[in-house]
Amino acid sequence: MGTKLWLSVYFPDWPLEMFFQGTAGIRPLVVAQAGGGAARIVACNKAARRSGLHPGMTVSAAQAQVDCLDVRVRDAEKEQRSAANIAAWAMQFTPVISLAVPQGLLLEVSGSLFLFGGLEGMAACIRKGLEDIGYRVLLASAPTPWAAWLIARAGKERLLTDAREVEAHLRRLPLGILDQPAATVDALDAMGIRTLGDCLGLPRDGVARRFGQELLDELDRALGRLPDPRALFEPPVHFEDALEFPAEVWQADALLFAARRLFVLLEGLLKKHQCGVQHCTLTLCHEHHATTPLTIGLASPTRDVQRMLGVLRERLGQTELPAPVQSMQLAARSIVPLEPRNLSLFPDAEQAAESWQIFLERLTTRLGSEAIQGIGCCADHRPERAWRTVAPGAARELPGGASRPLWLLDPPQRIASKEGRPYWQGPLVLRSGSECIESGWWDGAGIARDYFVAEGRAGCRLWVYQDRRNARAWYLHGIFS
Amino acid sequence: MGNVGALLQNPAIWRGDQCARQLPGISSGFPELDAILPGGGWPQGALTEILFEQEGIGELQLVMPALARLSTAGHGLAWIAPPHVPYAPALTAFHIRLSRLLVVRPKEDRERLWAAEQALRCGVCKGVLVWADGEDGQRLRRLQVAAGEGGGWGILYRPLRAAAMPSPAVLRLSVERAGGGLRVHVLKRRGSAVAPIHLDLSLRVAS
């Protein structure tokens with residue numbers, strides 16, 4: 001394991017952005033939180049700040065100061081949902097994400113920096129992606145999650161990777177940034193201890209006695225002297241929904257129509273989490289009969305309803321239903337992150353790749369994968385081994401040498417000979433000198449043949465050979481179509 | 001409404017907007033042939049039918065230069081139900097990019113046209129060859145429609161005896177060996193009738 005690198009994403013305007021993503025608003029607006037006694041302001045927009053409001057004020061004081069103040073109540077549940085959505089979106093950058101901080105995310109990015117052109121490149125991608133959907137962010141990085149978080153929280157944007165640099169930076173941060181009770185911070189302040197550096201300069205046992213072990217632990221976690229395991233974010237792992245028919249259904253069209261509704265729901269969930277599925281199962285339930293499960297396998301993860309319906313249509317076409325359908329259930333158990341379209345450099349190429357995938361998927365579903373092949377070249381002198389079937393798109397090419405026929409007969413077809421001359425649908429006239437191919441003695445499939453181009457009926461040109469190992473019998477091996 | 005829709009599927013009916021976005025032809029690589037093909041080459045977004053009596057006379061070489069051009073431009077090629085193995089060393093000699101080539105061998109004959117329809121419709125395969133012996137015009141009609149949707153070039157290989165049957169293809173050629181080359185008869189094209197032409201294949205045989 002190499003060294004870790006954590007990138008913290010801090011949303012300074014988070015409570016406001018819950019209500020107005022990206023639109024600043026010209027009227028003064030504050031978000032307030034009820035807690036303890038009076039409701040207090042936790043965030044204000046620019047207009048509110050210009051009117052002299054600031055976080056921490058009571059709502060009643062603010063209302064006395066500004067007419068027509070727009071007050072919104074903080075919605076913790078909504079904030080949590082949004083954080084999960086953003087984390088799901090950020091899965092495209094790294095699978096190691098922690099949501100264990102308020103108003104932010106922690107991403108462990110050491111494994112995926114290369115893909116995004118380094119730390120700066122990735123930070124730029126993340127910033128652009130989030131700003132596009134209406135979030136202002138502050139980004140900072142450090143080898144420990146807590147140091148990255150403290151730096152971003154302090155309003156500094158520093159992409160640091162070196163532990164010593166991080167420590168130097170942390171030492172300058174004010175104590176108030178720590179996750180410690182206000183009483184502790186105030187007490188230290190009274191002693192003239194204002195920055196983390198000041199605090200680190202104090203004797204440890206004294207600090208522990210006076211302010212508790214938690215303060216030292218927090219500093220140690222930030223500096224990497226204590227491990228800081230983080231609960232990782234996991235995207236929702238499955239989708240399940242069912243649909244009952246008012247009357248029994250036989251027709252594929254009606255089934256497809258109903259299935260479409262389930263697929264749209266699935267698509268909504270996937271969209272929200274920037275995810276896709278590669279497999280899902282539609283189970284048809286009948287009365288007095290076992291259920292019919294239809295597996296919908298896709299060539300690549302998707303959330304495209306049309307693609308899923310296309311595969312389902314083929315599956316329904318192949319399946320014989322034992323009885324009419326009373327209800328259906330759609331289950332998608334493995335949901336995988338899907339790269340959002342807008343990060344693609346070549347949208348056209350991507351779209352083409354996707355239609356290609358859909359096309360292959362459709363053929364494979366109906367015809368079976370063995371019916372769909374690519375063909376490639378092999379470096380072998382034996383004509384029947386100079387090619388082979390490969391997965392579509394995986395073909396290898398070798399420069400073509402001597403003239404070869406476009407069609408190969410596999411296996412070669414034994415043809416008659418009359419007076420030593422080959423005969424196939426009529427006598428054949430040899431049009432070229434012989435090409436001797438003798439190869440493969442080492443693997444037991446050796447050949448020794450003399451190949452000719454021959455002309456036959458209606459001027460057709462054929463590739464024939466005489467087998468030197470088999471009484472000079474004639475074979476047809478190719479056709480120059 | 002459904003009836004009108006079905007009626008408009010008929011490739012014999014031309015609609016104004018279709019004329020307007022008529023795609024230019026794909027150069028066949030044979031100047032003599034391009035000269036007599038409407039659009040200056042093989043028709044895109046439509047079916048071409050090639051009829052022949054005897055295989056091995058150059059019926060595939062006829063389309064190779066255009067297929068090579070499509071594949072090197074990054075388009076997909078699909079060969080559906082070929083009668084033999086398309087031989088990789090010869091294909092590369094004709095400058096076909098093998099990584100763009102897909103060979104589809106349905107187990108049952110009735111799946112051939114379905115696969116061809118999918119290939120034409122998907123829009124990624126710009127050259128779709130299908131060997132469709134014994135298929136009737138009604139089923140082939142769907143291919144012409146799919147080609148119109150996907151914008152690709154559909155090539156239908158059929159035996160010469162099918163010449164007497166109606167075909168939805170916009171271009172129908174029959175080919176035969178003559179001298180060192182190929183004699184091409186245009187049975188049907190958009191435009192007036194034209195005399196047979198002779199193509200010299202030896203110039204384009206793999207080097």
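The values are calculated or read from the model by the stated rules, or taken from the named source; none is laboratory data. None of the values given here were measured: they were computed from a predicted structure. Because the Cβ atoms are built from the backbone with ideal geometry, glycine has one as well, and the counts that use them run over all protein chains shown. Remember, those area values only see protein heavy atoms, side chains included, never the ligands or the DNA or RNA. Shrake-Rupley method; radii C 1.70, N 1.55, O 1.52, S 1.80 Å.
Between residues in region A:237-264 that are more than 13 Å from A:Arg313 (Cβ to Cβ) and residues that are assigned to a loop (DSSP other than H, G, I, E, B) and open to solvent by 60 Å² or more (accessible area, probe 1.4 Å), which pairs lie under 6 Å by C-beta distance while being six or more apart or on different chains?
That search, which allows pairs on different chains as well, returns A:His238/A:Arg333.
Output the number of the condition that A:Ala391 fails; it satisfies all remaining conditions of (1) assigned by TED's automatic domain parsing to the domain that holds A:Phe452; (2) of a type in the set (A, V, I, L, M); (3) open to solvent by 50 Å² or more (accessible area, probe 1.4 Å).
With (1) assigned by TED's automatic domain parsing to the domain that holds A:Phe452; (2) of a type in the set (A, V, I, L, M); (3) open to solvent by 50 Å² or more (accessible area, probe 1.4 Å) applied to A:Ala391, the lone miss is (1).
Here's a check for you: in region B:153-183, which residue that is within 19 Å of B:Leu70 (Cβ to Cβ) and within 14 Å of chain A (Cβ to nearest Cβ) is nearest to the chain's Cα centre (by Cα)?
That would be B:Ile155.
Somewhere in region A:401-415, is a residue modelled with pLDDT of 85 or more, surrounded by fewer than 17 Cβ atoms within 10 Å (Cβ to Cβ), hydrophobic (A, V, I, L, M, F, W, C) and assigned to a loop (DSSP other than H, G, I, E, B)?
So far as region A:401-415 goes, no, none of its residues is modelled with pLDDT of 85 or more, surrounded by fewer than 17 Cβ atoms within 10 Å (Cβ to Cβ), hydrophobic (A, V, I, L, M, F, W, C) and assigned to a loop (DSSP other than H, G, I, E, B).
Please find, among B:Pro83, B:Pro65, the residue that is part of a loop (DSSP other than H, G, I, E, B) and more than 7 Å from every other protein chain (Cβ to nearest Cβ).
None of the others qualify; the one that does is B:Pro83.
Conditions first: (1) surrounded by fewer than 21 Cβ atoms within 10 Å (Cβ to Cβ); (2) at pLDDT 90 or above. A:Lys272 passes all but one, so which condition is the exception?
A:Lys272 satisfies every listed condition except (2).
Tell me which residues, restricted to region A:403-416, are touching a residue at least 60 places away in the same chain (Cβ under 8 Å) and more than 7 Å from every other protein chain (Cβ to nearest Cβ).
Correct list: A:Pro412, A:Gln413, A:Arg414, A:Ile415.
Output the helices (runs of 4 or more DSSP H) that fall wholly within region A:71-178 and possess 3 or more residues being open to solvent by less than 50 Å² (accessible area, probe 1.4 Å) and closer than 16 Å to A:Pro12 by Cα, or say none.
Ranges flagged: A:76-90, A:145-153.
Can you pull out every residue in region A:368-402 that is out of contact with any strand residue (DSSP E or B) (no Cβ under 7 Å at 6 or more places or on another chain) and either in contact (Cβ under 8 Å) with a residue 12 or more places away in the chain or of a type in the set (A, V, I, L, M) (or both)?
The answer is A:Ala379, A:Asp380, A:Arg385.
Would you mind stating whether B:Glu55 is modelled with pLDDT of 90 or more, of a type in the set (Asp, Glu), under 26 Å from A:Val464 (Cβ atoms) and open to solvent by less than 10 Å² (accessible area, probe 1.4 Å)?
no
Kindly list the number of the only condition in (1) more than 14 Å from chain B (Cβ to nearest Cβ); (2) at pLDDT 90 or above that fails for A:Leu462.
That leaves (1) as the condition not met.
Among the residues that make up region A:249-260, is at least one of them under 25 Å from the mean Cα position of the chain (by Cα) and not small (Gly, Ala, Ser)?
Yes, region A:249-260 contains at least one residue that is under 25 Å from the mean Cα position of the chain (by Cα) and not small (Gly, Ala, Ser).
Take the conditions buried (at least 20 other Cβ atoms within 10 Å of the Cβ) and more than 11 Å from chain B (Cβ to nearest Cβ) and apply them to A:Tyr423. Does it pass? Lay out the reasoning, then the answer.
Values: buried (at least 20 other Cβ atoms within 10 Å of the Cβ): no; more than 11 Å from chain B (Cβ to nearest Cβ): yes.
For A:Tyr423, the condition - buried (at least 20 other Cβ atoms within 10 Å of the Cβ) and more than 11 Å from chain B (Cβ to nearest Cβ) - is not met.
Out of the residues in region B:1-49 meeting the condition of being among the β-branched types (Val, Ile, Thr) and surrounded by 10 or more Cβ atoms within 10 Å (Cβ to Cβ), tell me which one is modelled with the highest pLDDT.
So the residue we want is B:Thr48.
Filter region A:302-322 for residues that are farther than 11 Å from A:Ala252 by Cα, touching a strand residue (DSSP E or B) at 6+ places or on another chain (Cβ under 8 Å) and not polar (S, T, N, Q) and give the result.
A:Arg303, A:Arg307, A:Met308, A:Val311, A:Pro322
Would you mind finding the one in A:Ala47, A:Ala88, A:Ala62 that is touching a strand residue (DSSP E or B) at 6+ places or on another chain (Cβ under 9 Å), of a type in the set (Gly, Ala, Ser) and closer than 22 Å to A:Gly155 by Cα?
Details: A:Ala88 fails: closer than 22 Å to A:Gly155 by Cα; A:Ala62 fails: closer than 22 Å to A:Gly155 by Cα.
One residue alone meets the criteria, A:Ala47.
Exactly one of (1) crowded, with 24+ Cβ neighbours inside 10 Å; (2) assigned to a loop (DSSP other than H, G, I, E, B) is unmet by B:His95. Its number?
Of everything listed in (1) crowded, with 24+ Cβ neighbours inside 10 Å; (2) assigned to a loop (DSSP other than H, G, I, E, B), B:His95 misses just condition (1).
Kindly evaluate A:Ala231 against the criterion of being open to solvent by 70 Å² or more (accessible area, probe 1.4 Å), in contact (Cβ under 8 Å) with a residue 12 or more places away in the chain and aliphatic (A, V, I, L, M).
Working: open to solvent by 70 Å² or more (accessible area, probe 1.4 Å): yes; in contact (Cβ under 8 Å) with a residue 12 or more places away in the chain: yes; aliphatic (A, V, I, L, M): yes.
So A:Ala231 passes the test.
Of all residues in region A:276-307, which are farther than 29 Å from A:Pro246 by Cβ and open to solvent by less than 50 Å² (accessible area, probe 1.4 Å)?
Matches in region A:276-307: A:Gly276, A:Gly297, A:Leu298, A:Ala299, A:Ser300, A:Pro301, A:Thr302.
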